[in-house]
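S.K.: The structure's right below; bear with me while I get my questions together.
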Amino acid sequence: AIERTFSIIKPDATKRNLTGKINSIIEGAGLRIVAQKRIRMTREQAETFYAVHKERPFFGELVDFMISEPVVVQVLEGENAIAKYREAMGATNPANAAPGTIRKEHALSVGENSVHGSDAPETAAIEIAQFFAGNEIVG
Ligand code: CMP
């Protein structure tokens, strides 16, 4: 089925001017970028977005990282977009990511891992709604 997923190009990647290279991998995987904006996340937005990880030891570090530089938030659309994007991203830890994936090619570490992608349709809908109004998504 045609799905939508939520993507973030993270601070380690925007800082190194990798937005275009990452978008090229996204489009090469058959996904369409149907919404995109560059923003500086507020602390409140980052804490809300990662609320599920609040009890993790790396939560503070994760929030500080996400607000340290601009990010690019995106909505990606395509056949099985959620699984397709997770495959294009590669494993969370770039050391375990397959060749050609965004994280293998560009990520620095498990924290500075260049991109986020939704893990399920329910979370995709919640994440998209946190950052985009319906009329900002143009399929
Ligand atoms: P993401 O898909 O954005 O969702 C949760 C994030 O937590 C994950 O990507 C990682 O970047 C981050 N993360 C996971 N494990 C660690 C860790 N041990 N240290 C710092 N960040 C982590």
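S.K.: Which of the trypsin sites (Lys or Arg not before Pro) found in segment 1-93 are in a DSSP loop and have at most 15 neighbouring Cβ atoms, other than their own, within 10 Å?
M.R.: Sparse-neighbourhood loop trypsin sites (Lys or Arg not before Pro): Arg16, Arg40, Lys54.
S.K.: With every protein chain kept in the model, how would you rank Thr92, Thr14 by accessible area, 1.4 Å probe, largest at the top?
M.R.: If we order Thr92, Thr14 from most to least accessible, we get Thr92, Thr14.
S.K.: Let a ≥ b ≥ c be the square roots of the eigenvalues of the Cα gyration tensor of segment 61-100; is it rounded (a/c under 1.5), or, if not, prolate (a/b larger than b/c) or oblate?
M.R.: Oblate.
S.K.: Residue by residue through segment 58-64, which ³J(HN,Hα) values in whole Hz follow from phi under the Karplus form 6.51 cos²θ - 1.76 cosθ + 1.60 (θ = phi - 60°), with glycine and proline marked x?
M.R.: 8, 4, x, 4, 5, 5, 4
S.K.: Which whole-Hz couplings ³J(HN,Hα) result when phi for each residue of segment 68-76 is put into the Karplus expression 6.51 cos²θ - 1.76 cosθ + 1.60, θ = phi - 60°, listed in order with x for Gly and Pro?
M.R.: With coefficients 6.51, -1.76 and 1.60, one gets 6, 8, x, 10, 10, 9, 9, 10, 10 Hz.
S.K.: Next up: Give, as a single signed number, the net charge of other residues whose beta carbon lies under 12 Å from the beta carbon of Ile22, with Lys and Arg counted +1 and Asp and Glu -1. Each step should come with its number before you reach the end.
M.R.: Numbers: positive: Lys10, Arg16, Lys21, Arg103; negative: Asp12, Glu27, Glu105.
With Lys, Arg at +1 and Asp, Glu at -1, the net is +1.
S.K.: For segment 98-132 and segment 1-66, what is the centre-to-centre distance using only Cα atoms, to the nearest Å?
M.R.: 6 Å
S.K.: Related question: Which value, to two decimals, describes the C-alpha radius of gyration of segment 1-65 once divided by 2.2 N^0.38 Å?
M.R.: Numbers: Rg = 14.0 Å, N = 65, 2.2 N^0.38 = 10.7 Å.
In units of the 2.2 N^0.38 Å rule of thumb, it is 1.30.
S.K.: Moving on to the next point. Using only Cα atoms, figure out Rg for the chain and give it as a multiple of 2.2 N^0.38 Å.
M.R.: Normalised Cα radius of gyration, the chain: 0.96.
S.K.: Please identify, among Leu76, Leu62, Leu31, the residue showing maximal mean-square fluctuation in a Gaussian network model of the chain using a 10 angstrom Cα cutoff.
M.R.: Of the options given, Leu62 has the highest mean-square fluctuation.
S.K.: Sequence-distant or interchain residues sharing an amide H contact under 5 Å with Val115, placed H: which?
M.R.: Lys10
S.K.: Highest GNM mean-square fluctuation, the chain, Cα pairs closer than 10 Å: which of Val52, Val34, Val75?
M.R.: Comparing Val52, Val34, Val75 in the GNM, the peak value goes to Val52.
S.K.: When we measure straight from the Cα of Lys15, which aspartates and glutamates land under 13 angstrom away, once same-chain ones fewer than 8 places off are left out?
M.R.: Straight-distance partners of Lys15: Glu69, Glu112.
The values are calculated or read from the model by the stated rules, or taken from the named source; none is laboratory data. Fair warning: this is a prediction, and the values are worked out from it, not measured in the lab. Glycine gets a Cβ as well: all are built from the backbone with ideal geometry, and neighbour counts include every protein chain shown. The area values use the complete protein model at the heavy-atom level, side chains included, leaving out ligands, DNA and RNA. Shrake-Rupley method; radii C 1.70, N 1.55, O 1.52, S 1.80 Å.
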